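Encoded as structure tokens, the structure appears first; notes follow it.
The values are calculated or read from the model by the stated rules, or taken from the named source; none is laboratory data. In this text the structure is predicted, and so the values were computed from the model without any measurement. Counting neighbours? That spans all protein chains shown, and the Cβs are built from the backbone with ideal geometry, glycine included.
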Amino acid sequence: MFLSSYENKIDKKGRVSVPATFRSYLNSMGYNGFITYASFNHSALEACSQDRIEKLSNTIDSLNPFEEKRDFFATSVLSESENLQFDTEGRVSISEKLLNHANIKNSVLFVGQGKTFQIWEPKNFEKFRAFARKKAFQNRSNLKWENKKKGEPL
């Protein structure tokens, strides 16, 4: 899984080192990179493995092919996605267009989200993190799950 947060600087050539744990997880699935696209919800980037973007594509494909919303999602996610490959030192180059969407200039924050991760401008994430923590506290009763074998709470 993609866990924790890691801050790295963008070098003079516009490359950033991807956290070793994130690279390792992607490599274990047979990938030498990841897919990224502009977030709908934040001034940040969404990032995932190839199989995850394929699942999203299948969800988009399940919509009526003659409805506008299918085209809206396909255009906003699939046509805007970038496939970033690691160089020999584990770095990627994120396009200027995506960096601008996330207001990223010098440093990026890789934020683990379990099966996916996000890429943020560090100070913008800090503001969101405080807000998210408050909202998570308010909604903590929604986090319930059961032991699938016994039907008992974990």
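Restricting the first member to segment 63-74 and to residues that are within 16 Å of Ala38 (Cα to Cα), and the second to residues that are surrounded by 10 or more Cβ atoms within 10 Å (Cβ to Cβ) and at pLDDT 90 or above, the beta-carbon pairs closer than 6 Å and six or more apart or on different chains are Phe73/Ile60; Ala74/Ile60.
Return yes or no: is Asn64 assigned to a helix (DSSP H, G or I), out of contact with any Asp or Glu (no Cβ under 9 Å at 6 or more places or on another chain) and of a type in the set (S, T, N, Q)? Against the criterion (assigned to a helix (DSSP H, G or I), out of contact with any Asp or Glu (no Cβ under 9 Å at 6 or more places or on another chain) and of a type in the set (S, T, N, Q)), Asn64 does not qualify. Here segment 71-96 is the region considered, the condition is being among the small types (Gly, Ala, Ser), over 22 Å from Thr21 (Cα atoms) and touching a strand residue (DSSP E or B) at 6+ places or on another chain (Cβ under 7 Å), and the residue that is surrounded by the fewest Cβ atoms within 10 Å (Cβ to Cβ) is Ser95. If you go through segment 1-34 and keep only what is part of a loop (DSSP other than H, G, I, E, B) and among the small types (Gly, Ala, Ser), you end up with Ser4, Gly14, Gly30. Taking the criterion of being surrounded by fewer than 14 Cβ atoms within 10 Å (Cβ to Cβ) and either touching a strand residue (DSSP E or B) at 6+ places or on another chain (Cβ under 7 Å) or more than 23 Å from Asn32 (Cβ to Cβ) (or both), the residues of segment 97-112 that qualify are Asn100, Asn103, Lys105, Asn106. Within segment 12-41, the set of residues being surrounded by 13 or more Cβ atoms within 10 Å (Cβ to Cβ) and modelled with pLDDT under 95 comprises just one member, Gly14.
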